[in-house]
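Visitor: I have a structure I would like to understand better, so I am pasting it below and will then ask my questions one at a time.
Derivation of every value follows stated rules applied to the coordinates shown; laboratory data play no part. The model shown is predicted, which means the values in this text are computed figures rather than measured ones. Cβ: placed from backbone, ideal geometry, glycine included. Neighbour counts: every protein chain shown.
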Amino acid sequence: MTADSLSDSTDRNGYRHYKSDPAICRDCPLLASCTTNAKAQRTIIRHVWADAKERTDANRLTAWGKAIYRRRKETVERSFADAKQLHGHRYARFRSLTRVACQCLLAAAAQNIKKIALCLWPKPNRPAHEAQCLLPKSPDTNSPRHFNHITKHPAENRRSLSAA
């Protein structure tokens, strides 16, 4: 079956139906191995996104693709697990698509705030000045922003702010 002998139509599910030209296929010596159709016409069904899926599968099977797929359980899947366990994604708390979407957006915002806080807060084995270097530079000077009111722990911050 040659490319010029194909005529295609697409159904509502996104599958293209390619049909060969019976006039060409009737004279082909490989007709018996190609199709058993009485009209001497072969039909091939292929999804419109099949090419993209094949390219993605080819990328996934490379060494780089395998390495990055291994990291998925540490990053993406962990985020979904946290959303399920810690942020109420096990069950929808509301009814209606809009309200459930708001619940998901609030949970995602909470996860992002936690991620930002972990990046900004100095780790026990990392000096405080290195944590401040992770902050973006202030627009008027070339020095990082300094947070003089931040002490070791948020509870101590509350005590120091209320004492002042």
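Visitor: Could you check the stretch 59-89 and list, in sequence order, the residues that are free of Cβ contacts under 8 Å to residues at least 24 places away in the same chain, surrounded by 10 or more Cβ atoms within 10 Å (Cβ to Cβ) and of a type in the set (Gly, Ala, Ser)?
Guide: 65, 81, 88
Visitor: Shifting gears a bit: Name the single residue, out of those in the stretch 40-58 being among the hydrophobic types (A, V, I, L, M, F, W, C) and touching a residue at least 12 places away in the same chain (Cβ under 8 Å), that is surrounded by the most Cβ atoms within 10 Å (Cβ to Cβ).
Guide: So, considering only residues that are among the hydrophobic types (A, V, I, L, M, F, W, C) and touching a residue at least 12 places away in the same chain (Cβ under 8 Å), the one surrounded by the most Cβ atoms within 10 Å (Cβ to Cβ) is 40.
Visitor: Just to be sure, is residue 107 in contact with a Gly (Cβ under 7 Å, 6 or more places away or on another chain) and surrounded by 10 or more Cβ atoms within 10 Å (Cβ to Cβ)?
Guide: Yes.
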